[in-house]
Amino acid sequence: MGINATMYSGGPSASKRTFLKGTAAAMALGFTGLPILLRGATTQAQSGQQGILSGCHWGVFQGIVKDGRAVEFRPWQGDPAPSPQLPGVLDSLYSESRIRYPMVRRAWLEKGPGADPDGRGSGDFVRVSWDKAIDLVALEIARVRKEDGQQAVFAGSYGWKSPGKLHNCQTLLRRMLNLTGSYTNSTGDYSTGAAQVILPYVSGSLEVYEQCTTWNNLAKNCELMVFWGCNPLNNSQISWQVADHGAWPGVEALKKAGTKVLCIDPVRTETCMALNGEWLAPNPQTDVAMMLGIAHTLYTEGLHDQKFLDRYTTGFDKFLPYLMGTSDNTPKTAEWAAQICGLQADTLRDLAHRFAKHRTMLALGYSTQRQHHGEQIHWMLITLASMLGQIGLPGGGYGLSYHYASGGAPTATTPILKSIDDASGQKQEGAAWLASSGAVSIPVSRLVETLLNPGKTMQFNGNDIKLPVIKLAYWVGGNPFSHQQDRNEMLRAWRNLDTFIVHDVQWTATARHADIVLPATTSYERNDIEQVGDYALSHIVPMKKIVDPVFEARNDFDIFAAIAAKLGKGYEFTQGRTEMDWVRGLYEAAKIESRGMGMEMPVFDVFWNSNKPLAFPVSPAQVDFVRYADYRADPLLNALGTASGKFELYSKAIEKYHYDDCPPHATWMEPIERVGGPTTKLPLHIAANHPTMRLHSQLCGTVNRQHYAIAGREPCWMNPADAKARGLSDGDVVRVFNQRGQILAGLKITEDIRPGVIRINEGGWFDPMNPREIGSLDCYGDVNNLTTGIATSKLSQGNCGQTGVAEVERFVGTLPPVTVFSQPT
Ligand SMILES: Nc1nc2c(c(=O)[nH]1)N[C@H]1C(S)=C(S)[C@@H](COP(=O)(O)OP(=O)(O)OC[C@H]3O[C@@H](n4cnc5c(=O)[nH]c(N)nc54)[C@H](O)[C@@H]3O)O[C@H]1N2
Ligand SMILES: Nc1nc2c(c(=O)[nH]1)N[C@H]1C(S)=C(S)[C@@H](COP(=O)(O)OP(=O)(O)OC[C@H]3O[C@@H](n4cnc5c(=O)[nH]c(N)nc54)[C@H](O)[C@@H]3O)O[C@H]1N2
Ligand SMILES: [Mo]
């Protein structure tokens with residue numbers, strides 16, 4: 001049947017979440033000719049009211065409209081666990097922070113590009129007409145390209161834009177720029193910046209966005225499930241496409257099976273509580289040391305699987321001298337590790353015994369690689385799992401996406417919807433800018449470094465990159481004034497820009513710091529199409545327009561089409577096709593692909609008018625999928641994508657780079673700062689986790705804030721012992737500070753966090769008291785005022801959003817108001 005695990009183990013790929021493409025290619029079912037089920041009919045029948053079907057990062061839903069206004073986003077009945085964030089999704093259409101009109105910063109408009117850069121963020125905007133706005137943008141792109149070169153335009157615009165195969169604003173931005181010239185791009189992402197660069201050397205693929213052994217298989221075979229900084233019941237609320245929420249039935253199956261669960265995390269997570277898990281809370285940022293202590297015990301007690309190491313891995317012999325301390329005089333004993341990670345040595349020995357004795361699944365999240373030297377954790381996890389020898393066995397081994405977009409929910413047999421393209425294939429031969437086109441791409445979290453050091457040479461994954469001079473940054477579908485670390489360093493860097501152009505739906509801090517702000521539509525004001533589940537791929541769903549655009553919002557597609565037209569490429573951009581022409585075309589292409597897979601999809605109009613998601617079948621093999629089972633069965637035929645075809649516990653390629661911050665085997669390296677670290681002065685580690693009632697910064701400007709804000713600010717969790725030591729009470733407004741910045745937050749005292757750790761979720765909107773002053777107090781609570789902007793290492797240049805320490809005190813004085821959720825003045 002051609003369905004096997006090898007289809008997931010393709011080589012590393014340049015674009016984000018492209019594992020989806022490989023899925024379809026390898027599939028071939030016998031022709032059944034059966035029509036595919038259309039599900040979801042009961043929702044309308046029950047409600048008695050016709051809802052309009054759509055989908056978003058949070059799931060499939062029906063939009064209920066009264067008198068032209070959306071009044072409810074009702075979860076689709078086929079959703080096993082609708083996200084409680086949906087009311088905020090609805091409110092994002094109408095909330096007070098919605099961007100209404102095209103706006104230009106007064107100083108920029110009156111005095112030209114680069115005028116008064118300190119004034120960015122102070123809210124002095126002038127409303128302009130759409131025609132004027134399009135003119136200004138087109139002329140400025142042309143000016144910067146002419147005066148400073150194509151590379152001076154940065155369009156590496158990163159972020160969690162809305163799903164939909166047509167209205168992909170980032171692709172549309174690059175489409176407009178490719179048709180009219182070139183630009184500087186970005187590579188990688190903030191999610192797995194370190195892991196996705198190191199893993200191709202270690203296991204031969206990106207892996208972080210690939211399927212895990214299914215929950216179903218775990219429920220039958222796993223005896224010990226270890227969630228290591230991994231929290232599916234929070235993080236799988238959302239998907240990059242439309243969420244399927246398959247993690248909920250997955251977790252439920254584990255619970256029914258009575259599988260023993262262990263959670264290694266500074267926070268007692270939702271997943272830990274739901275599964276009644278055993279909670280171990282090591283010092284943050286010390287997991288590599290902890291794993292080494294466990295590995296040392298395994299080896300010295302002869303509990304490691306030498307046969308597995310010999311047959312399926314290379315380089316263990318080169319790792320061993322480090323583990324035993326013969327190469328550096330430091331044996332990585334349980335005692336050694338205990339001193340660093342803060343757990344008892346006996347606990348680590350006990351873990352080694354339990355891991356070896358039971359069928360154990362090590363499920364790792366992403367947070368531990370979003371730390372200084374974050375490359376090491378995934379490498380060490382694979383080293384540990386290799387020593388345990390359970391990789392490729394039912395219910396055992398390791399998994400890297402159990403927490404993300406419901407990894408572990410079985411993959412359906414489905415065609416893959418294509419997306420509108422960025423027109424990089426349509427460039428004209430011989431154009432002057434062709435030589436430099438796409439030549440420059442910087443690691444995604446390094447824009448600040450680039451703005452501060454133009455011309456500098458940066459090392460990256462074995463290559464040198466000359467950092468370009470950037471004069472214009474164009475951002476769509478992302479919020480850099482939320483996602484980038486070290487806000488004050490960023491403010492300094494941004495002053496080197498002539499022009500910052502932003503499209504968004506909400507007045508985020510990024511929009512507030514722009515020179516030109518264009519109001520985009522939400523997904524709920526336009527038509528599109530998308531797949532359900534990043535791994536499950538269970539349905540294709542129409543994303544129907546629910547209401548007309550509010551105020552003067554326009555589709556990114558139409559905005560870029562107008563700019564392209566001004567620059568002489570209007571037809572090339574639209575190809576003369578309307579929105580529904582595009583959506584229909586994308587569906588038709590999938591319909592043809594599905595025939596090759598032995599399936600027949602309904603004609604487009606039937607699909608669209610049915611108002612139901614189109615379901616695809618799941619094969620029995622996928623229900624019981626075991627990652628690496630094929631590799632284990634035949635390591636030659638199903639060789640991994642690494643140089644040796646095996647798991648590489650030592651990398652000769654990385655050895656050749658001679659990076660001082662990324663040695664050629666998994667290594668414990670001190671981060672620049674951590675609680676209890678040799679040079680660290682401040683006492684509290686900041687867990688900048690992913691929020692429960694938001695998607696990053698999305699929905700912070702909505703009713704959802706009422707569920708979590710404390711005294712109107714972003715919450716800061718703290719253990720009672722730490723609160724007592726500082727004389728703090730629940731509900732206090734506190735000032736959280738370090739050498740990089742200061743924010744206000746609302747204190748939540750809880751036993752569910754380890755002493756010595758505070759939790760302030762990423763995504764709180766940056767609200768500086770005095771926007772002109774770098775280092776000003778942030779009145780709402782954007783944690784990235786406190787985190788470090790350094791890179792994980794020269795190998796991957798990833799971000800370190802989970803590295804940072806701080807101190808907390810009660811705020812005294814007159815409380816400044818929070819102003820970031822209203823219209824700029
Ligand atoms: N300290 C710390 N920092 C972190 C992290 C962390 O764990 N700790 N996590 C990192 C990670 S993993 C990530 S992925 C990033 C997330 O960073 P981002 O993805 O930049 O964050 P979002 O808030 O999702 O921003 C998306 C923006 O796109 C806008 N948008 C949505 N749809 C559309 C559309 O159709 N058109 C236009 N024009 N705009 C649209 C939204 O309104 C929103 O402002 O943050 C990173 N930063
Ligand atoms: N609700 C919601 N879900 C989301 C997102 C969102 O914004 N909101 N964002 C999505 C995106 S883009 C991504 S990339 C993923 C992110 O997925 P992750 O990066 O895995 O998510 P986090 O919530 O940052 O961290 C997961 C867990 O790691 C723990 N942790 C933090 N530091 C350490 C440490 O040093 N050691 C150990 N052992 N544990 C630690 C945290 O306490 C938390 O429980 O989530 C996705 N899902
Ligand atoms: Mo992410």
* If the cut-off is 21 Å between C-alpha atoms, which lysines fall inside it for residue 646, apart from same-chain ones fewer than 8 positions away? -> 307, 318, 656
* **Whole-angstrom gap from the stretch 110-138 to the stretch 799-825, using each part's C-alpha centre** => 27 Å
* Express the C-alpha Rg of the stretch 328-465 as a ratio against the empirical globular expectation 2.2 N^0.38 Å, rounded to two decimals. => 1.58
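Output the pairs from 146/545; 111/566; 165/794; 471/569; 161/681; 255/748 with a Cα-Cα distance over 31 Å in this structure; if there are none, say none.
146/545; 165/794; 161/681
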* Quick one: Karplus J couplings for the stretch 667-676, per residue in order, coefficients 6.51, -1.76, 1.60, θ = phi - 60°, nearest Hz, x for Gly and Pro? -> 9, 7, 10, 4, x, 4, 8, 6, 4, x
* To do: Work out, step by step, the length gained on full extension between residue 72 and residue 317: first 0.36 nm times the residue separation, then minus their alpha carbon distance; give nm to one decimal.
  => 82.1 nm
* Name the long-range amide H neighbours of residue 713: under 5 Å, sequence gap of 5 or more, or other chain; modelled H, no Pro or chain starts. => 746
* For the stretch 519-578, run through the chymotrypsin sites (Phe, Trp or Tyr not before Pro) and keep only the ones in DSSP coil with at most 15 other Cβ atoms within 10 Å of their Cβ. => 551
* Pop out the ³J(HN,Hα) list for the stretch 146-163 in order, Karplus 6.51 cos²θ - 1.76 cosθ + 1.60 with θ = phi - 60°, rounded to Hz; leave Gly and Pro as x. => 6, 7, 10, x, 4, 5, 6, 9, 9, 10, x, 1, 10, x, 8, 2, 6, x
* **Antiparallel content of DSSP bridges confined to the stretch 671-820, in %, to 5** => 70 percent
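Between residue 548 and residue 220, what length in nm is gained on full extension when 0.36 nm per residue of separation is reduced by their alpha carbon distance? Don't skip to the end; give the middle numbers.
Details: separation 328, 0.36 × 328 = 118.08 nm, distance 4.90 nm.
That works out to 113.2 nm of additional length.
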* **Label-to-label distance, nm, for residues given as residue 774 and residue 619 (7 Å Cα→Cβ offset)** => 5.7 nm
* Roughly how many whole Å is it from the C-alpha centroid of the stretch 571-621 to that of the stretch 54-68? -> 20 Å
* Asked: How much of the DSSP beta bridge set in the chain is antiparallel, as a percent to the nearest 5?
  -> 50 percent
* Not counting the cut sites, what is the longest span of the chain without GluC sites (Glu not before Pro) that DSSP labels loop and that have at most 12 other Cβ atoms within 10 Å? -> 430-750
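Suppose every Lys and Arg Cβ carries +1 and every Asp and Glu Cβ carries -1, with no other charges. What dipole size does the stretch 455-553 come out with about its Cα centre, to the nearest 20 debye?
My answer is approximately 340 debye.
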* **Dipole moment magnitude, nearest 20 debye, the stretch 671-820 about Cα centre, only Lys, Arg, Asp, Glu C-beta charged** => 200 debye
* **Disulfide-incompatible cysteines by the Cβ rule (no partner under 4.7 Å) in the chain** => 56, 169, 212, 222, 230, 341, 662, 700, 716, 779, 800
* To do: Please work out, to two decimal places, the log10 of the ratio I(q)/I(0) at q = 0.17, 0.23 Å⁻¹ from a Debye calculation in which every Cα of the stretch 136-218 carries one identical scatterer.
  => -0.87, -1.10
* Structure fact -> Expressed in nanometres to one decimal, the distance between label points 7 Å along Cα→Cβ at residue 581 and residue 637 is 4.9 nm
* To do: Identify the trypsin sites (Lys or Arg not before Pro) of the stretch 576-643 meeting these criteria: DSSP loop state and at most 14 other C-beta atoms within 10 Å of the C-beta.
  => 577
* Determine the sum of side-chain charges near residue 106: Lys and Arg each +1, Asp and Glu each -1, restricted to other residues whose C-beta is under 12 angstrom from that of residue 106. => 0
* With the convex hull built on the Cα atoms of the stretch 667-818, state its orientation-averaged projected area in nm². => 10.0 nm²
* Karplus couplings for the stretch 340-347 from phi (6.51 cos²θ - 1.76 cosθ + 1.60, θ = phi - 60°), rounded to Hz, Gly and Pro as x? -> 7, 8, x, 9, 6, 4, 4, 4
* Structure fact -> One finds the C-alpha centres of the stretch 467-514 and the stretch 345-367 to be spaced, in Å, by 42 Å
* Placed amide H near residue 278: partners under 5 Å, 5+ positions off or other chain -> 261, 262, 263
* **Kirkwood-type radius of the stretch 161-287, with distances r between different C-alpha atoms, in Å** => 17.6 Å
* Asked: Label point 7 Å out from residue 660 along Cα-to-Cβ: which residues of the stretch 443-458 have amide N under 20 Å?
  -> 456-458
* To do: Taking the Cα centre of the chain as origin, work out the dipole magnitude from +1 charges on Lys and Arg Cβ and -1 charges on Asp and Glu Cβ, in debye rounded to 20.
  => 580 debye
* Write down the percent of antiparallel bridges among all DSSP beta bridges whose residues are both part of the stretch 381-510, to the nearest 5. => 45 percent
* Asked: In a solvent-free Debye calculation with one equal scatterer on each Cα, what is log10 I(q)/I(0) for the chain at q = 0.08, 0.09 Å⁻¹, listed in the order of the q values?
  -> -0.67, -0.87
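Computed from the coordinates by the stated procedures, all read-outs in this text should not be read as laboratory data. Nothing here was measured: the structure is a model prediction, and the numbers come from that model. Every residue, glycine among them, receives a Cβ derived from its backbone with ideal geometry; neighbour counts consider all protein chains shown.
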